[in-house]
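The structure appears right after this line, and notes come after that.
The values are calculated or read from the model by the stated rules, or taken from the named source; none is laboratory data. Keep in mind that what you see is a predicted model, and the values were worked out from it rather than measured. Counting neighbours? That spans all protein chains shown, and the Cβs are built from the backbone with ideal geometry, glycine included.
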Amino acid sequence: MRALVVNYGVGNLFSISSALRRKGLEVDIGTELTNSYDLLVFPGVGAFSAVSKFLNSRRDQLNELKESGSRFFGVCLGMQVMFQSGSEGGRSEGLGWLKGVVDKLVNSPKLPHIGWDRLIETKPSILIEGLEGKYFYFVHSYAAYDVDNDYVRGFSVYGVKFPAVVEKDSLVGTQFHPEKSGASGSLFLDNLMRWLKR
């Protein structure tokens, strides 16, 4: 199976690429968005405004791939840009694939939120089997609000409750970084592989 880690032009893409390769995926890093990949990955790097500009310039192509059945996995910021809009770097339009807006974490003791927090399951999913109560690694100052709870599979709490895992049809997103989450992250990626092979 093949995956493309989309290169926004910023940040380190190699940790998520290496983690996916360890699970048996053949991984490319680039900008050529085609249906020859089993999974397209939006990595967790950059600012919402810059990444949304990159993705919105390819909106029609991305929507065509999504409608044709391509699967997408967004990590941290990569999940956030699937929502309707975000305020980081000025209010910017997201892809609008998920209902909700991305804004700064409120009532939080310190920003950015850096460290380990528990995943709390909200709805059963192959993605989070065996992961209830496990700790994952987060690095973020923004989170999704006003979401449709139908697609939230798990949440975490840092001053405020926020979606940590989302799943809708061909879309999966995590606010945490599975590639930096040790054994818990490895288990999540095992589940992601099972989800891909369904």
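Just name the residue that is farthest from Phe73 (Cα to Cα) out of those in the stretch 12-52 that are under 15 Å from the mean Cα position of the chain (by Cα) and free of Cβ contacts under 8 Å to residues at least 40 places away in the same chain. Break it down stepwise before answering.
Filtering the stretch 12-52 for residues under 15 Å from the mean Cα position of the chain (by Cα) gives 13, 15-17, 19-20, 39-48, 51-52.
Remaining after also requiring free of Cβ contacts under 8 Å to residues at least 40 places away in the same chain: 13, 17, 40-41, 43, 45-46.
On the way: Leu13: 14, Ser17: 12, Leu40: 6, Val41: 5, Pro43: 8, Val45: 14, Gly46: 16 Å.
Here the answer is Gly46.
Grab the strands (runs of 3 or more DSSP E) fully contained in the stretch 133-177, keeping just those with 3 or more residues being of a type outside the set (Asp, Glu) and surrounded by fewer than 20 Cβ atoms within 10 Å (Cβ to Cβ). Show your work before the answer.
Values: elements: 135-140, 142-145, 152-158, 160-168, 171-174.
Hits in the stretch 133-177: 135-140, 160-168.
Is it fair to say Leu192 is more than 15 Å from Gly78 (Cβ to Cβ) and either touching a residue at least 60 places away in the same chain (Cβ under 8 Å) or not in a strand (DSSP E or B) (or both)?
Judged against the criteria, Leu192 is not a match.
Got at least one residue in the stretch 110-117 being modelled with pLDDT of 95 or more, among the hydrophobic types (A, V, I, L, M, F, W, C), farther than 19 Å from Ser184 by Cα and not in a loop (DSSP other than H, G, I, E, B)?
Taking every residue of the stretch 110-117 in turn, none turns out to be modelled with pLDDT of 95 or more, among the hydrophobic types (A, V, I, L, M, F, W, C), farther than 19 Å from Ser184 by Cα and not in a loop (DSSP other than H, G, I, E, B).
Assuming Leu127 fulfils every condition listed in (1) within 13 Å of Val165 (Cα to Cα); (2) of a type in the set (A, V, I, L, M); (3) assigned to a loop (DSSP other than H, G, I, E, B) apart from one, which condition is it?
Result: Leu127 fails condition (3) only.
Within the group Gly69, Gly86, Gly96, Gly90, which residue is free of Cβ contacts under 8 Å to residues at least 60 places away in the same chain, more than 25 Å from Lys180 (Cβ to Cβ) and touching a Ser or Thr at 6+ places or on another chain (Cβ under 7 Å)? Let's see the steps before the verdict.
Values: Gly69 fails: free of Cβ contacts under 8 Å to residues at least 60 places away in the same chain; Gly86 fails: more than 25 Å from Lys180 (Cβ to Cβ); Gly96 fails: touching a Ser or Thr at 6+ places or on another chain (Cβ under 7 Å).
On inspection, the qualifying residue turns out to be Gly90.
What tally of residues in the stretch 174-192 results from selecting those that are farther than 11 Å from Ala19 by Cβ and among the hydrophobic types (A, V, I, L, M, F, W, C)?
Matching residues across the stretch 174-192 total 3.
Sort out which residues of the stretch 49-65 are within 19 Å of Val5 (Cβ to Cβ) and touching a Ser or Thr at 6+ places or on another chain (Cβ under 6 Å), and write them in order of number.
Of everything in the stretch 49-65, just one residue is within 19 Å of Val5 (Cβ to Cβ) and touching a Ser or Thr at 6+ places or on another chain (Cβ under 6 Å), namely Ser52.
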